[in-house]
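The values are calculated or read from the model by the stated rules, or taken from the named source; none is laboratory data. Everything numeric in this text was worked out from a predicted model, so none of it was measured. We place every Cβ from the backbone using ideal geometry, glycine too, and count neighbours over all the protein chains shown. Protein only, heavy atoms only, side chains kept; ligands, DNA and RNA dropped before computing areas. Shrake-Rupley method; radii C 1.70, N 1.55, O 1.52, S 1.80 Å.
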Amino acid sequence: MHSLNWTSRLISRALRSSFSTLLDATTAGGAATTTTKGAAKPTPNRSRPRFVSVVCGFAKDNLRHKYKPGKYGEDSWFKASTETADVMGVADGVGGWRSYGIDPGEFSSFLMRTCERLVRCTHFNPQRPVNLLAYSYCELMEQKKPILGSSTACVLILNRETSTVHTANIGDSGFIVVREGEIVHKSEEQQHYFNTPFQLSLPPPGHGPNVLSDSPESADTMNFPVQEGDVILIATDGVFDNVPEDLMLQVLRDVEGERDPVKLQMTANTLALMARTLSLNSEFISPFAISARRNNIQARGGKPDDITVVLATVAM
């Protein structure tokens, strides 16, 4: 175990050094930061945007997992706000670790709790969500008592000064943005092969060579301007594997421009319950089953899983 601590700390220091360089490059000079075409410049004379956001979810096994704030089973989530940014994130602990006596939810929960805390630190950069994942992962690897396991993660930051959203996604959690009844932005799923997503990992001693472990910098990143009324859904694969995109879109269209958190909560509840119900339907041809068939695996029905829905609209 001492060997594991020593090795993980060496790796985390290397990662920390690497991302300190990235942090310096993105914060120095301010105007030197590169963004994709269409990203807005600071607009001090207009109302700054904010998220109106709510959360809902279900644990796959409600008997095993008692409710804890920020968790639904092995899924975890967070929301945080500062004067200049609103931030949301989800993480999905890889369930296979339970057969090794490891609680997969501890890894995902630590990542999200640490991201939430780092948002309020002075070095927080609202244009670099990958930094949040990187520094959270480094802290996890430096713990005296190792937090073993692995997790996917997706973090989304609204830079309120530029009306721009910046995202970092690793694995098969993700987000979609709906505007005027259409999906205008969405994350790309990252898979090594079918049902094996990219993931941040810390395996137990002796398992390293046999465990997939991706670096935070392998996350898929995007940035794009947002408009008043945009609907943003960030969720774990328990939602995307069970709810077809067209059905999801029908639900989200109804809350475009909605500022009432009660109505938003009702929609989040509807979407989470829909995912839960379809996941337990053995006859439904789910998105997961369709993907399995594309990989020559005969599958039918939903995919029982933990479900986390973080739903927001953009208000100005």
Next on the checklist: Explain nothing, just the number: dipole magnitude of the chain about its Cα centre with +1 on each Lys and Arg Cβ and -1 on each Asp and Glu Cβ, in debye rounded to the nearest 20.
Outcome noted: 720 debye
Checklist outcome for this item: Sorted on mean Cβ neighbours within 10 Å (highest first), peptides 57-66, 266-275 come out as 266-275, 57-66
Checklist entry - In deg cm²/dmol and to the nearest 500, what is the mean residue ellipticity at 222 nm of the chain if only DSSP H runs of at least 4 residues count, each as -39500 (n - 2.57), divided by the residue total? => result -9500 deg cm²/dmol
Item to check | Translational diffusion of the stretch 74-129, µm² s⁻¹ [Kirkwood Rh, Cα pairs; Stokes-Einstein; 10 °C; 1.306 mPa s] | outcome: 130 µm²/s
Checklist entry - What's the percent breakdown of Cα-Cα distances in the chain across 10 Å bins, shortest bin first? => result 6, 27, 35, 23, 8, 1
Item to check | Dipole of the chain, positive end: most advanced residue of 314, 132, 274 [Cβ charges, Cα centre] | outcome: 132
Checklist outcome for this item: About its Cα centre, the stretch 97-248 carries a charge dipole, from +1 on Lys and Arg Cβ atoms and -1 on Asp and Glu Cβ atoms, whose size in debye to the nearest 20 is 740 debye
Item to check | Cα-based equivalent ellipsoid, the stretch 172-316: semi-axes from gyration tensor eigenvalues, Å | outcome: 29, 21, 14
Checklist outcome for this item: Gyration tensor on Cα atoms of the stretch 127-220, a ≥ b ≥ c root eigenvalues, a/c under 1.5 rounded, else prolate if a/b beats b/c, else oblate, says oblate
Next on the checklist: Accessible area per residue for the chain in Å², computed with a 1.4 Å probe and the full protein assembly in place, what is it?
Outcome noted: 46 Å²
Checklist entry - Which log10 I(q)/I(0) values, to two decimals, does the stretch 231-316 give at q = 0.15 Å⁻¹ under the Debye formula with one point per Cα? => result -0.55
Next on the checklist: What would the Debye equation give as log₁₀ I(q)/I(0) for the stretch 224-272 at q = 0.23, 0.24, 0.28, 0.31 Å⁻¹, counting only Cα atoms as equal point scatterers?
Outcome noted: -0.92, -0.99, -1.19, -1.29
Checklist outcome for this item: Ordering 169-179, 139-149 by per-residue average of other C-beta atoms within 10 angstrom, highest first, gives 169-179, 139-149
Next on the checklist: Tell me whether the stretch 244-288 comes out rounded, prolate or oblate; compute the Cα gyration tensor, take square roots of the eigenvalues as a ≥ b ≥ c, and use a/c under 1.5 as the rounded threshold.
Outcome noted: oblate
Next on the checklist: Of the candidates 256, 245, 74, which one comes out as most mobile in a Gaussian network treatment of the chain with C-alpha springs shorter than 10 Å?
Outcome noted: 245
Next on the checklist: Please report the carbon-and-sulfur percent of the accessible area for the chain; probe 1.4 Å, protein heavy atoms only, DNA, RNA and ligands left out.
Outcome noted: 51 percent
Item to check | Simple Cβ-charge dipole of the stretch 161-316, Lys/Arg +1 and Asp/Glu -1, about Cα centre, in debye nearest 20 | outcome: 480 debye
Checklist outcome for this item: Taking only the alpha-carbon positions of the stretch 105-167 as identical scatterers, the Debye log10 I(q)/I(0) at q = 0.26 Å⁻¹ comes out as -1.13
